[in-house]
Amino acid sequence: MATIHKLHQPDERGQTPSLLTLEGVWKRFKGKGSETVAVKDLNLTISQGEFVTLIGPSGCGKSTLFNIIAGLTSPDDDGVVTLNGKAQRGDDLLGKVSFMPQRDLLFAWRTVLDNAALALEVEGVRKSEARKRAQALFPEFGLDGFQDKYPHELSGGMRQRVALMRTFLFERDLILLDEPFGALDALTRMMMQKWLLDIWMRHKRTVLFITHDIDEAIFLGDKVVVMTARPGTVKSVETISLPRPRDTDIVTTPEFMDIKRRLLASVEEESMKTFNVAGAT
Ligand SMILES: Nc1ncnc2c1ncn2[C@@H]1O[C@H](COP(=O)(O)OP(=O)(O)OP(=O)(O)O)[C@@H](O)[C@H]1O
Ligand SMILES: [Mg+2]
């Protein structure tokens, strides 16, 4: 097998430093007389430079987990979240990671360029400077010539690229992407996956990526994290040692199929619990 292309630099002991650690994290939502346990005793470590994908049944707590990591939802008091070696409390995490939520949230009244530049403006960068820096990324994101259009004038794939560009412009070590390609057709999705890997390898960032698509999870990931049905916790972590750079035809190799079969069975078992399908335990 060809050499595995790794971006993260091991330290002198040959270990890759961890960027984010979650230890025993819980999140309970309290309603009128009821409680939903969304996240339960969750443990996870993400190393510098890794591309980690996260799969699990609908409603198992994936987006809640992202909200916790982004500092938008506070976890319960049990558990510790550590970023760059420092334990994070309260809303410490706000603004420390780049986050693309499940919906692209582009502003309809802002042009594409101004939507992208927003990531820098919220950091206090002057508008003209923010536009200049955003402008520089347009060719790489396949959007050159569309700077002055409005979001409704773009295709679904282009809108996703604008949202991704905005996320990349908010320069943080860790990027959270919540089903960024969920709404795209299979072909566009495949092109976007290849393109994203290319961008990731060039920008050397750490990515945590939620998807429902097992092929996508394996194709992109250094690791695939499988979550249980709600209350969501980590069921297993599969290391993907497929060589990089990866071509789309890798999905037909026996190694890929093997991993896919295993992960499919694991996710299906959890989904059956969620949907109460006959045969579920
Ligand atoms: N703000 C909230 N208040 C109350 N309950 C919430 C809140 N946010 C999420 N939940 C509940 O937490 C659980 C997990 O939701 P979450 O959005 O994290 O799931 P998910 O894994 O992202 O699902 P999907 O794959 O469908 O996007 C659900 O039962 C949901 O109803
Ligand atoms: Mg979600």
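The values are calculated or read from the model by the stated rules, or taken from the named source; none is laboratory data. Small disclaimer: the values here were computed from a predicted structure and weren't measured. So basically every Cβ, Gly included, is an ideal-geometry build from the backbone, and we count neighbours across all protein chains shown. Remember, those area values only see protein heavy atoms, side chains included, never the ligands or the DNA or RNA. Shrake-Rupley method; radii C 1.70, N 1.55, O 1.52, S 1.80 Å.
A few remarks follow.
- Residues that are assigned to a helix (DSSP H, G or I) and open to solvent by 10 Å² or more (accessible area, probe 1.4 Å) within the range 199-242 comprise M201, R202, H203, I214, D215, listed in sequence order.
- No other residue among L113, L118, L105, L143 is out of contact with any Leu (no Cβ under 8 Å at 6 or more places or on another chain), open to solvent by less than 10 Å² (accessible area, probe 1.4 Å) and among the hydrophobic types (A, V, I, L, M, F, W, C) apart from L143.
- The C-beta contact set for the range 53-68 (first residue open to solvent by 20 Å² or more (accessible area, probe 1.4 Å), second residue of a type outside the set (D, E) and near ligand 2 (Cβ under 10 Å from one of its atoms), distance under 7 angstrom, 6+ apart or interchain) comprises S63/Q102.
- Residue match in the range 171-183 (condition: touching a His at 6+ places or on another chain (Cβ under 9 Å) and within 13 Å of ligand 1 (Cβ to nearest atom)): yes
- The single condition among (1) assigned to a strand (DSSP E or B); (2) surrounded by 15 or more Cβ atoms within 10 Å (Cβ to Cβ) that L93 does not meet is (1).
- As a summary of the residue check, G49 satisfies the conditions (1) open to solvent by less than 20 Å² (accessible area, probe 1.4 Å); (2) assigned to a loop (DSSP other than H, G, I, E, B); (3) within 16 Å of ligand 2 (Cβ to nearest atom) except for the one numbered (3).
- Residue match in the range 28-37 (condition: at pLDDT below 95, closer than 30 Å to R202 by Cα and either polar (S, T, N, Q) or part of a loop (DSSP other than H, G, I, E, B) (or both)): no
- Taken as a whole, the condition of being charged (D, E, K, R) and touching a Gly at 6+ places or on another chain (Cβ under 6 Å) does not apply to R262.
- Within the range 58-79, the set of residues being within 9 Å of ligand 1 (Cβ to nearest atom) and out of contact with any His (no Cβ under 9 Å at 6 or more places or on another chain) comprises G59, C60, G61, K62, S63, T64, L65, F66, N67, T73.
- Looking only at the range 182-198, and only at residues there that are open to solvent by less than 20 Å² (accessible area, probe 1.4 Å) and modelled with pLDDT of 90 or more, the one that is farthest from A134 (Cα to Cα): Q193
- Residue in the range 219-226 that is among the basic types (K, R) and touching a residue at least 60 places away in the same chain (Cβ under 8 Å) present: yes
- Test for E129: is it assigned by TED's automatic domain parsing to the domain that holds D198 and either open to solvent by 60 Å² or more (accessible area, probe 1.4 Å) or more than 16 Å from ligand 1 (Cβ to nearest atom) (or both): no
- Residue that is most open to solvent (accessible area, probe 1.4 Å), among those in the range 158-177 that are closer than 19 Å to F107 by Cβ and in contact with a Ser or Thr (Cβ under 6 Å, 6 or more places away or on another chain): F170
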